[in-house]
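J.: Below you will find the structure I want to go over with you.
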Amino acid sequence: MAPAEQPLPYAPKTNSISAFVEASPPSEGHRRSLSTVPTSKFADMSQPPPRPARSPLPHGFNAADMDRISDPNIKDQIASTGTGASSQHSSLSVPPPKVRYDPSLRRARKPRSQYPRSSTESHVEYILVASFDIDRGPIMEHQYPVAITGDEHMLAELMLPDQAHVRNQDWTVFFLHKDSSQEEDDAERQAKESRRARRRRRRDRAKGIIHESDDEEDGEEDDDDDDWDDDMSTDTEPEGGEGPPLVYVLNLVNTKQDKTVKRGAVVKAMAICTRHPFLHIYKPLLLLALEEYFKSPVPETLSMLFNAVNEMDLSLMPKLSLLERHLLQASDNKDLFVEKFERMIQARIAEETSEDVADQPFDASRSPPKRPGIFRSGTKSYIETHTGAYAVPRDTHEFESKVMYKGIPIPIKVPVAVMPETVGDFSLIKLIQNFSDSHAKSPQTFSLHPHLTTNGPNTHPIIVLVNALLTQKRVIFLGHNMPSGEVAEAVLAACALVSGGLLRGFTRHAFPYTDLTKIDDLLNVPGFIAGVTNPTFEHHPEWWDLLCDIPSGKMKISSKIESAPITEGLVYFQQQNPAYANFIHGASASSGSGGSSTAGAQTGDLTGDAAFMADMLRCIANRSGERVVRAKWREWVLKFTRIAAAFEETVFGASALYIGSEGENNDGSGMAAMGHGYVWADEATKAKELAGNVTRIEGWRNTRSYYSFIQDVAQSYTVRPLKGLDLAHMHDRLRTQKLSPQQSKEIFEAFYNYVWSYDEICLLLSVAPESHAGLFYVALGLFHKDRDVRMKTAELLDRIAEHEAGQHWWRSLSRFEKLAYVRIKKEMEQEGRTGRELGVVSPVDSKRVS
């Protein structure tokens, strides 16, 4: 049995709920949870209420799949450990009382690691060394541990970029498409089938079903299977079937001046090949290793680096679900999900303690061993203790580890939440500023193209870039006389910009650095994104559709670009909306030129892109930070996909970007009327925005990112916590539309009735990010004219405040809303006391019982 958890030696920031309970003695009403359901006037108030019905299952749903789909929601209920942000971040430190849930929803699961200790996967697969020979050109010197498949000469050319000899140091990034062998695929498939079989037997045994093979294979089962969960769960990330993971290559080039050689300098490059997209963490190690290789150019130098990086321990980095990763990336809170790190460490301490006890002979007189402490990294307590103490990261966005290289501990910070299409270390702010500053000083006029210039000839260059990537145009970043590392960084930033962590298909067709010798291969890739330093590319417009000149901050649309075809969707939309037909091509030009014409004055900024870019530049000027900028671009991409779904439903009657039918969920609960999709203030606004986006949407609907997104939507639907409700649609209606009391009541009651479990609350928080007012619109239910709605909203906030992430959203509520919450809870307490004295059940409780 694992030892009991001990208090953390560091001083964690306390949960505002527990802080309030400890600071003042609770009243009689606070001692009793107001969410309990008395079955009679003498009912035991400590019993938990029966949970309301879950969200309706979709039509055709197989009940046999309940274990596969529902279990992750139940397994992921983890009690808060009360180590959130301190109460000084709260405008009113008056939290709600603790809520009592159904115990079946509170079952904590074993913490899971992203990179378990039992994993045989290496952090780094290959280390390459190349050099420039005056007679033979770029050559490959060493490959460790084995030779990598492919063209060695081509790899050496990529590792030694143009003009590398004129700089002392340069970085490059490139990708390799390395297929796994048939033997590796078979072994992995058999291992997955074996793990699934063991999990099925464990589930059957829990139900009382015994298999004949159980006795024989009990010893083979271990607890680490949970770290390799292959079944569908909330941790599943859509893959889309694009093929095996890319091999990401981080390359460092160094030039040492040496007058004894022919060219007066020695140029060598060392590269690390990894499947991990956070390859930038290896930069300090490459600097040390390449310097060592200049002194000792032998394979043993590579072996030392290879062993050091693969011994890096990331087993205490928790594995987050897709929803949790979205929440973490969109938040600046450094304590978000800190409880998961604590549980990982506590589980490790319990495991080590049990192993130590098992290895020692029994001695009744011996006191139990002292458990290692858990400290917050960077605190005084952690610094004063021995270095072997476990530490919770200072910022939960990054996991802190170290690599021992030549006896020197090299600190490493690994991003915890990595989203698709995010590779390496780059800056969206740098990319946006580079092209925005030049545009602000000298506004650039583009030649019109329906897919690219959605706001006319003066469309913002960043919007032109995003449109080009969305519609799968050939994009080249040119950095003449610039380090190839800066060009590669721009390519990686562009891929992340257009992806938003939602769309895929960009990095797999990206070439962060390439040269003229690869032009034939490059032109065979449709819709590539490439970084080059040779100015020859600028003089060949037939090679590209959009050229982004980094030094000048200017973009150029190719004169040889293919014209946009007339599609069925475009024709149907014009037929259905004849009033906006002329806006699609011509009016956007007048609006982009300042709106001086009558058409321009009528249309304005149809897409909203001009207002969005103005807001984005204000955020950058206010130093909001990289994380805020990335979150805003993710919201832009999400909005675009939702508008595209609305366009398809408007024109074709159905959309491949939305799964589910409101009719499937008509179970008498009123959920069929909730609706789905993007929300506009009125129909006129909807028609205008669709007219502004129609050409961009039609250009996107025939690209690989569109089809990959369809696959992701289908795969995500199987693990989505609430299949019958579109919480984003409901929240947007509260935010943008003027609703009647009855309409808002239906939405608030739907939140109350269906948002209960851990994942359901995560889903609600994801549609109400902290950067967009947080729970402000949800908490407006505290001011509803219907008293029942006010009470239910207060209880919904109770649940959110007990959630690992929700507690931070609760603290960000305004003082005005917290005062309303306290007032309602006092009214509920008073009514509860009066009802118990008179033997009357309250209206909310009576509805629960019924």
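The values are calculated or read from the model by the stated rules, or taken from the named source; none is laboratory data. All figures in this text were calculated on a predicted structure; none of them were measured in a lab. Cβ sites come from the backbone with ideal geometry, for glycine too, and all protein chains shown count toward neighbours. Side chains are part of the model used for accessible areas, which takes the heavy atoms of the whole protein and leaves out ligands, DNA and RNA. Shrake-Rupley method; radii C 1.70, N 1.55, O 1.52, S 1.80 Å.
J.: Regarding the stretch 529-551, can at least one residue be identified that is open to solvent by 10 Å² or more (accessible area, probe 1.4 Å), within 28 Å of Val628 (Cα to Cα) and in a loop (DSSP other than H, G, I, E, B)?
T.: Checked against the condition, which is being open to solvent by 10 Å² or more (accessible area, probe 1.4 Å), within 28 Å of Val628 (Cα to Cα) and in a loop (DSSP other than H, G, I, E, B), the stretch 529-551 yields at least one hit.
J.: Something else: Take the stretch 262-286 and flag every residue that is touching a Leu at 6+ places or on another chain (Cβ under 9 Å) and surrounded by fewer than 16 Cβ atoms within 10 Å (Cβ to Cβ).
T.: Lys283
J.: Specify the residue that is farthest from Thr793 (Cα to Cα); the eligible residues are those in the stretch 707-759 that are among the polar types (S, T, N, Q), outside any loop (DSSP other than H, G, I, E, B) and over 19 Å from the mean Cα position of the chain (by Cα).
T.: First, the residues of the stretch 707-759 that are among the polar types (S, T, N, Q): 708, 711, 715-716, 718, 736-737, 740, 742-744, 753, 757.
Then keep just the ones that are outside any loop (DSSP other than H, G, I, E, B); that gives 708, 711, 715-716, 736, 742-744, 753.
Add one more test, that the residue is over 19 Å from the mean Cα position of the chain (by Cα), and what stays is 736, 742-744, 753.
Working: Thr736: 20, Gln742: 15, Gln743: 15, Ser744: 12, Asn753: 10 Å.
By that ranking, first place goes to Thr736.
J.: Same structure, new question: Can you work out which of the residues in the stretch 552-564 that are of a type outside the set (Gly, Ala, Ser) and part of a loop (DSSP other than H, G, I, E, B) is least open to solvent (accessible area, probe 1.4 Å)?
T.: Applying the filter and picking the extreme gives Ile561.
J.: Looking at the stretch 288-311, which of its residues are among the polar types (S, T, N, Q) and open to solvent by 60 Å² or more (accessible area, probe 1.4 Å)?
T.: Once the filter is applied, which keeps residues that are among the polar types (S, T, N, Q) and open to solvent by 60 Å² or more (accessible area, probe 1.4 Å), the stretch 288-311 yields only Asn307.
J.: Has the stretch 794-803 got at least one residue that is buried (at least 23 other Cβ atoms within 10 Å of the Cβ), of a type outside the set (Phe, Trp, Tyr), assigned to a helix (DSSP H, G or I) and touching a Gly at 6+ places or on another chain (Cβ under 7 Å)?
T.: Within the stretch 794-803, one or more residues are buried (at least 23 other Cβ atoms within 10 Å of the Cβ), of a type outside the set (Phe, Trp, Tyr), assigned to a helix (DSSP H, G or I) and touching a Gly at 6+ places or on another chain (Cβ under 7 Å).
J.: While we're looking at this one, here's another question. Just for the stretch 145-159: of the residues that are within 34 Å of the chain's Cα centre (by Cα) and farther than 20 Å from Thr301 by Cα, which one is most open to solvent (accessible area, probe 1.4 Å)? Even if it seems obvious, please write down each step before you answer.
T.: As a first pass, look at the stretch 145-159 and keep what is within 34 Å of the chain's Cα centre (by Cα): 145, 148-150, 155, 158-159.
So of that shortlist, the ones also farther than 20 Å from Thr301 by Cα come out as 149-150, 155, 158.
Details: Thr149: 100, Gly150: 64, Leu155: 4, Leu158: 16 Å².
Here the answer is Thr149.
J.: Follow-up. I'd like the full set of residues that are assigned to a loop (DSSP other than H, G, I, E, B), closer than 22 Å to Phe511 by Cβ and modelled with pLDDT of 90 or more, limited to the stretch 145-183.
T.: First pass over the stretch 145-183, keeping only residues assigned to a loop (DSSP other than H, G, I, E, B): 145-151, 160-163, 167-168, 177-181.
After this cut, where a residue has to be closer than 22 Å to Phe511 by Cβ as well, the list is 148-151, 160-163, 167, 177-179.
Scanning the stretch 145-183 gives a single hit, Leu160.
J.: If we scan the stretch 274-286, do we find a residue that is free of Cβ contacts under 8 Å to residues at least 60 places away in the same chain, among the polar types (S, T, N, Q) and touching a Phe, Trp or Tyr at 6+ places or on another chain (Cβ under 7 Å)?
T.: no
J.: Then there is this: Starting from residues that are among the acidic types (Asp, Glu) and within 22 Å of Asp786 (Cα to Cα), keep the ones in the stretch 708-756 and report whichever is most open to solvent (accessible area, probe 1.4 Å).
T.: For the stretch 708-756, the residue satisfying everything is Glu746.
J.: State which residue pairs qualify: first residue farther than 21 Å from Glu324 by Cβ and inside the stretch 709-729, second residue of a type in the set (Asp, Glu) in any location, beta carbons under 7 Å apart, and separation of 6 or more residues or different chains.
T.: none
J.: Please find, within the stretch 131-165, the residue that is nearest to Leu252 (Cα to Cα) out of those that are acidic (Asp, Glu) and touching a strand residue (DSSP E or B) at 6+ places or on another chain (Cβ under 8 Å).
T.: The qualifying residue nearest to Leu252 (Cα to Cα) is Glu157.
J.: Let me ask something else about it. Considering only the stretch 120-144, how many residues are open to solvent by less than 30 Å² (accessible area, probe 1.4 Å) and either assigned to a loop (DSSP other than H, G, I, E, B) or among the small types (Gly, Ala, Ser) (or both)?
T.: Going through the stretch 120-144 one residue at a time, the tally reaches 5.
J.: Ok, one more. What pairs come out if I take residues in the stretch 777-789 that are in a loop (DSSP other than H, G, I, E, B) and pair them with residues that are of a type in the set (Lys, Arg) and open to solvent by 10 Å² or more (accessible area, probe 1.4 Å) whose C-beta lies under 7 Å away, six or more apart or interchain?
T.: His784/Lys745; His784/Arg790; Asp786/Lys745
J.: Quick one: which residue in Thr603, Thr567, Thr607 is within 22 Å of Lys473 (Cα to Cα), buried (at least 19 other Cβ atoms within 10 Å of the Cβ), at pLDDT below 95 and not aromatic (Phe, Trp, Tyr)?
T.: Step by step, each of Thr603, Thr567, Thr607 is checked, and only Thr607 is within 22 Å of Lys473 (Cα to Cα), buried (at least 19 other Cβ atoms within 10 Å of the Cβ), at pLDDT below 95 and not aromatic (Phe, Trp, Tyr).
J.: Please verify whether the stretch 757-765 includes one or more residues that are open to solvent by 10 Å² or more (accessible area, probe 1.4 Å) and polar (S, T, N, Q).
T.: For the stretch 757-765, residues open to solvent by 10 Å² or more (accessible area, probe 1.4 Å) and polar (S, T, N, Q): absent.
J.: Now for a different question. When the residues of the stretch 766-776 are filtered to those that are in a helix (DSSP H, G or I) and in contact with a helix residue (DSSP H, G or I) (Cβ under 6 Å, 6 or more places away or on another chain), which remaining residue is nearest to Val629 (Cα to Cα)?
T.: Taking the candidates together, the pick is Ser771.
J.: If you don't mind, another one. Return yes or no: is Tyr282 within 29 Å of Ala391 (Cα to Cα), part of a helix (DSSP H, G or I) and hydroxyl-bearing (Ser, Thr, Tyr)?
T.: Against the criterion (within 29 Å of Ala391 (Cα to Cα), part of a helix (DSSP H, G or I) and hydroxyl-bearing (Ser, Thr, Tyr)), Tyr282 qualifies.
J.: For Lys688, all conditions in the list (1) part of a helix (DSSP H, G or I); (2) open to solvent by less than 50 Å² (accessible area, probe 1.4 Å) hold save one; what is the number of the exception?
T.: (2)
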